[in-house]
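One structure below.
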Amino acid sequence: MTNFESQVNTLREEILRLNKVLNSLQPVADTMPNFALESQEARVLLDRSSQTYSKKGGCAYLFGIFCKRPVHPRTVLQGGSPRAVGRCWPFEGGQGHLFIALSHPAYISHVTLGHISKNLSPTGTIPSAPKTFSVYGMTTLDDKETYLGTSLFDQDGDATQTFELPDHGTGVFKYVKLQVESNWGHPDYTCLYNFRVHGKLAEVTDR
């Protein structure tokens, strides 16, 4: 092997090493397919979801500082990390749910929940963030809900947090219900910025 060939091989090995490092820095959610993405034709079923929070002349007073017209719940399915403060779907109180038709029938293994971090909040706190939440799956709209797991969103953690569902692999689902059981203390509303559903595409014969 010539010196030139040796240098080329060394360079290739270094490039591969750097690619592995870069991939390891990616959020886990960005390394898996998302079956709750609006651009892939996932959608919110409004008639089965909680009502949008609105108060004081149609405004939602986010952080108690500014008035913002409520955002449509479909924003929760538009992907990306939560960066725009206030661009979230609010529902009243600390409990509520979002009902989603997935883009494709899938075996569901993980879900990702996103909310702005405390660093981005004007008040330095995020009491409207979900705290505990549960996930349910359905194959058809007439099915009984199948419980897939309950998780805790850490208000001091990353803006985007991915959770493995302990009861995944129980079947193929076309519909998912995100049930928020509590928030981090806001008495009036809870805000959902981003929700993703991950897993494996079901084969036609699996449905």
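Since every read-out is calculated from the coordinates, none of them should be taken as a lab result. Predicted model, so just to flag it, every value in this text is computed and none were measured. Using ideal geometry, Cβ is built from the backbone for each residue, glycine included, and neighbour counts are taken over all protein chains shown.
Some points to look at:
- Table column - 3J(HN,Hα) (Hz), region 114-129, Karplus curve with 6.51, -1.76, 1.60, x for Gly and Pro: x, 8, 4, 7, 4, 4, 8, 6, x, 9, x, 9, 9, x, 7, 5
- The modelled label-to-label distance between Thr2 and Leu46, using points 7 Å beyond Cα along the C-beta direction, is 6.8 nm.
- Largest-first ellipsoid semi-axes for region 75-121, taking √(5λ) over the Cα gyration tensor eigenvalues, angstrom: 23, 15, 10
- Averaged over residues, the count of other Cβ atoms within 10 Å places the peptides 86-98, 146-158 in the sequence 86-98, 146-158, highest first.
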